[in-house]
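Enquirer: Input: one structure, supplied below.
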Amino acid sequence: RKAYDILASKEELSETEKIIFIDILNSWGYSYYYLGEIEEFIELFNSHQALAESLDDKARVGMFYAWFGIAHLMAGKSKDSYEYLSKGRELGEKTGNQKVVGYACTWLPWACAELGLFTEGIKFGERAQKIAESFPSDQYIFFKSLSGLCYISYFKGDTNKVFEGAKRLLDYGDRNANSRCKVFGHWMEA
């Protein structure tokens with residue numbers, strides 16, 4: 001917060017300061033996401049969208065869009081979410097940044113489920129699952145994308161896939177002592 005306040009108070013930012021500013025926002029995304037402070041999350045990112053877009057480092061911009069996309073999904077704005085997540089994914093692909101692509105593809109199944117884009121959402125979820133193999137210490141990509149695949153299966157009425165995914169989530173959560181993963185497993189099972 002202190003670093004943000006210092007940078008936000010400046011009239012002009014150098015290129016390095018802009019990068020630091022967007023890094024702060026991208027790191028802050030986790031806090032807003034987990035605290036559920038969605039209105040503030042969207043306001044903050046919306047007020048700095050032009051700054052993010054001005055960066056030459058398009059991978060950072062891609063992660064900014066991914067966070068902005070999940071914020072919109074949590075606000076019930078699936079169409080806006082889909083658009084921001086797609087922008088993030090595209091920038092991740094252009095820059096070859098698999099972490100950006102992974103996060104965008106992790107959240108896209110959720111937006112696709114809400115929009116009825118099941119085939120597309122499954123493709124994104126499966127891609128995130130593959131990318132998760134390259135980031136074993138970032139368990140979030142694995143369990144959230146698998147949960148998204150279960151969510152799509154629920155919308156499609158494919159209960160077998162929902163239960164298969166729920167079991168994988170519970171097993172993974174047990175093996176890795178990941179309580180959030182187990183919460184998603186129990187949610188999908190229910």
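The values are calculated or read from the model by the stated rules, or taken from the named source; none is laboratory data. If you're wondering where the values come from, they're calculated on a predicted model, not measured in any experiment. Cβ: placed from backbone, ideal geometry, glycine included. Neighbour counts: every protein chain shown. Remember, those area values only see protein heavy atoms, side chains included, never the ligands or the DNA or RNA. Shrake-Rupley method; radii C 1.70, N 1.55, O 1.52, S 1.80 Å.
Enquirer: Can you compute the FRET efficiency between residue 163 and residue 43 using 1/(1 + (r/R0)^6), with r the Cβ-Cβ distance and R0 = 41 Å? Round to the nearest 0.05.
Expert: Rounded to the nearest 0.05, the efficiency is 0.55.
Enquirer: Among 152, 70, 38, which one shows the biggest mean-square fluctuation in a GNM of the chain, springs joining Cα atoms closer than 10 Å?
Expert: 38
Enquirer: Using a 1.4 Å probe on the protein heavy atoms, what percent of the accessible area of segment 5-128 belongs to carbon and sulfur?
Expert: In segment 5-128, the share of accessible area belonging to carbon and sulfur is 49 percent.
Enquirer: Still on this model: With θ set to phi - 60° and the Karplus curve 6.51 cos²θ - 1.76 cosθ + 1.60, what are the ³J(HN,Hα) couplings of segment 156-163 in order, to the nearest whole Hz, using x for Gly and Pro?
Expert: These are the phi-based 3J(HN,Hα) values: 7, x, 8, 5, 4, 5, 4, 5 Hz.
Enquirer: Mind checking which lysines have their C-alpha under 16 Å from residue 167, skipping anything on the same chain fewer than 8 residues away?
Expert: Answer for residue 167, where 16 Å is the Cα cut-off: 144, 182, listed by chain and number.
Enquirer: Right, next: Treating only the Cα positions of segment 19-128 as identical point scatterers, give the base-10 log of I(q)/I(0) from the Debye formula at each q in 0.10 Å⁻¹.
Expert: -0.24
Enquirer: Once each part is reduced to its C-alpha centroid, what is the distance from segment 59-86 to segment 102-137 in angstrom?
Expert: Each part reduced to its Cα centre gives a spacing of 13 Å.
Enquirer: For the chain, set up a Gaussian network in which alpha carbons nearer than 10 Å are linked by springs, and say which option among 31, 78, 147 fluctuates the most.
Expert: Looking only at 31, 78, 147, the biggest GNM fluctuation is shown by 31.
Enquirer: Which sequence of 86, 137 reflects their accessible areas, 1.4 Å probe, from the largest down?
Expert: Solvent-accessible surface, decreasing: 137, 86.
Enquirer: Could I ask something else about it? Per residue of segment 72-87, in order, report the coupling 6.51 cos²θ - 1.76 cosθ + 1.60 (Karplus, θ = phi - 60°) as ³J(HN,Hα) in whole Hz, putting x for Gly and Pro.
Expert: 5, 4, 5, 8, x, 10, 4, 5, 4, 4, 4, 5, 5, 5, 5, 4
Enquirer: I've got another one for you. Please give every one of the aspartates and glutamates within straight-line cross-link reach of residue 130, meaning a C-alpha to C-alpha distance under 16 Å, and leave out same-chain neighbours fewer than 8 residues apart.
Expert: Counting by Cα, and skipping residues close in sequence, residue 130 has these aspartates and glutamates nearby: 93, 120, 138.
Enquirer: Count neighbours as other Cβ atoms within 10 Å of each site's Cβ, and list the GluC sites (Glu not before Pro) in segment 99-161 that are DSSP loop with at most 14 such neighbours.
Expert: Passing sites in segment 99-161 are 133.
Enquirer: Continuing with this model, one more query. For the chain, what D do you get in µm² per second when you plug the Kirkwood radius from alpha-carbon pairs into Stokes-Einstein at 10 °C and 1.306 mPa s?
Expert: 94 µm²/s
Enquirer: So, with a 1.4 angstrom probe, what is the percent of accessible area on segment 143-190 that is carbon and sulfur?
Expert: For segment 143-190, the apolar C and S fraction of the accessible surface comes to 51 percent.
Enquirer: Additional query: Ranked by accessible surface with a 1.4 Å probe, highest first, in what order do 151, 103 come?
Expert: 151, 103
Enquirer: Follow-up question, since we're still on this one. Taking residue 77 as the anchor, which lysines have their alpha carbon closer than 17 Å to its alpha carbon, excluding any fewer than eight residues away along the same chain?
Expert: Straight-distance partners of residue 77: 87.
Enquirer: A further question follows. Given R₀ = 41 Å, FRET efficiency for residue 187-residue 54 by Cβ-Cβ distance, to 0.05?
Expert: Approximately 0.55, to the nearest 0.05.
Enquirer: To continue, here is another question. When ligands, DNA and RNA are left out and all protein chains stay put, how many square angstrom of accessible area per residue does the chain have with a 1.4 Å probe?
Expert: 51 Å²
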